[in-house]
Amino acid sequence: KFEKGNLINYEEFNTTCKNGTLITFSPDSEVFKNGDIQYSYDRLCIEIKNISYLYKGITFDVNKINDQGKKITGTTFKAENGIADLIKESRHDNKAIHNSIITGFATDGVNEVEIAFQWTNGHEKSYIFTNGLLNPEGGTPLTGAKTSITRTINNLINESLTGDLARTGLVYAMNCKVTNPSFANQTKTKVNNVELRGLADKAFSEAIKEFAKCNQKEFQKIEEFLTKELKAEKAADKARAAAREQNDEIE
């Protein structure tokens, strides 16, 4: 038992229980001073669902209990395929450009980055987790991923796509594990570890190359999709240039 960060008592014993570990937490009113402390069941469900993607195959039961200890409602989360399930669910009604969700992994022996991604006909979405925490602003692993995707795709299809074009409709997730995490702020919305940038770069580069090699027909769909987007962008640029020239002549 711990109170205010200090160990109060400790005991070891044997048990026949096979349901894992029960942890009870009561917030300290001296630390949380903003009035009554309320738990949001919906917010907890969102957080636990995100965590379930990071621990493949583990079942998470979230139960809401009333003051009499009776269960009011409950929700179960389980991601059989880990962050690949996050990619699938994040597509919503958007159509996937290729059938298979691409996965990859990179480690330096201490830190590691697990990735999953898929091109769709929707908008670009990224999900960055570091040691179980969602980092909405990304940080170094997102920078490494973007650099890698642009460089690798252009090398494979022999084009000069911008980063935004190369990631058109891309939905991608990264599960980063680092021994000494460094965050940009107290809310941990952005991770700063330099080593994660290199690992993300390596993971995406190797995963895309391997996918292109082993799934040529599937990768061809990605190439055709991105090439079409490039042609559309060039046509739009040409139209904008023509409009500007016409306006200049009128003036």
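The values are calculated or read from the model by the stated rules, or taken from the named source; none is laboratory data. None of these values were measured; they are calculated from a predicted model. Positions of Cβ are backbone-derived with ideal geometry, glycine not excepted, and every protein chain shown enters the neighbour counts. In case anyone asks, the SASA skips ligands and DNA or RNA and just uses the protein heavy atoms, side chains included. Shrake-Rupley method; radii C 1.70, N 1.55, O 1.52, S 1.80 Å.
If only residues of the range 132-158 that are open to solvent by less than 70 Å² (accessible area, probe 1.4 Å) and part of a loop (DSSP other than H, G, I, E, B) are counted, the one that is nearest to residue 222 (Cα to Cα) is 135.
Looking only at residues in the range 116-131 that are more than 14 Å from the chain's Cα centre (by Cα) and not in a loop (DSSP other than H, G, I, E, B), the one that is farthest from residue 206 (Cα to Cα) is 120. Going by what's in this entry, would residue 47 be described as part of a loop (DSSP other than H, G, I, E, B) and among the acidic types (Asp, Glu)? Here the answer is no, as residue 47 does not meet what is asked.
The set of residues in the range 95-115 being closer than 21 Å to residue 164 by Cβ and under 17 Å from the mean Cα position of the chain (by Cα) consists of 102, 115.
For the range 26-41, a tally of residues being open to solvent by 100 Å² or more (accessible area, probe 1.4 Å) and either modelled with pLDDT of 85 or more or more than 29 Å from the chain's Cα centre (by Cα) (or both) returns 6. Here the condition is being closer than 23 Å to residue 148 by Cα, surrounded by fewer than 10 Cβ atoms within 10 Å (Cβ to Cβ), over 20 Å from the mean Cα position of the chain (by Cα) and without any contact (Cβ under 8 Å) to a residue 24 or more places away in the chain; of 217, 213, 228, it holds for 217 alone. Residue pairs whose Cβ atoms lie under 9 Å apart, sitting 6 or more positions apart in sequence or on different chains, and linking a residue in the range 88-110 that is closer than 17 Å to residue 56 by Cα and without any contact (Cβ under 8 Å) to a residue 40 or more places away in the chain to a partner that is open to solvent by 60 Å² or more (accessible area, probe 1.4 Å) and in a strand (DSSP E or B), do not occur here. Restricting attention to the range 177-207, the residues that are among the aromatic types (Phe, Trp, Tyr) and within 13 Å of residue 130 (Cα to Cα) add up to 1.
Yes or no, residue by residue, for (1) closer than 30 Å to residue 144 by Cβ; (2) in contact with a Phe, Trp or Tyr (Cβ under 9 Å, 6 or more places away or on another chain); (3) aromatic (Phe, Trp, Tyr); (4) outside any strand (DSSP E or B):
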site	(1), (2), (3), (4)
16	no, no, no, yes
24	no, no, no, yes
32	no, no, yes, yes
74	no, no, no, no
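Taking residue 208 as the residue in question, decide whether it is modelled with pLDDT of 95 or more, hydrophobic (A, V, I, L, M, F, W, C) and either surrounded by 11 or more Cβ atoms within 10 Å (Cβ to Cβ) or over 29 Å from residue 112 (Cα atoms) (or both). Here the answer is yes, as residue 208 does meet what is asked.
If the condition is being assigned to a loop (DSSP other than H, G, I, E, B), open to solvent by less than 60 Å² (accessible area, probe 1.4 Å) and in contact (Cβ under 8 Å) with a residue 12 or more places away in the chain, then the range 159-194 contributes 161, 167, 168, 169, 178, 181, 184, 189, 193.
Against the definition (surrounded by 10 or more Cβ atoms within 10 Å (Cβ to Cβ) and closer than 28 Å to residue 174 by Cβ), how does residue 74 come out, yes or no? For residue 74, the condition - surrounded by 10 or more Cβ atoms within 10 Å (Cβ to Cβ) and closer than 28 Å to residue 174 by Cβ - is not met.
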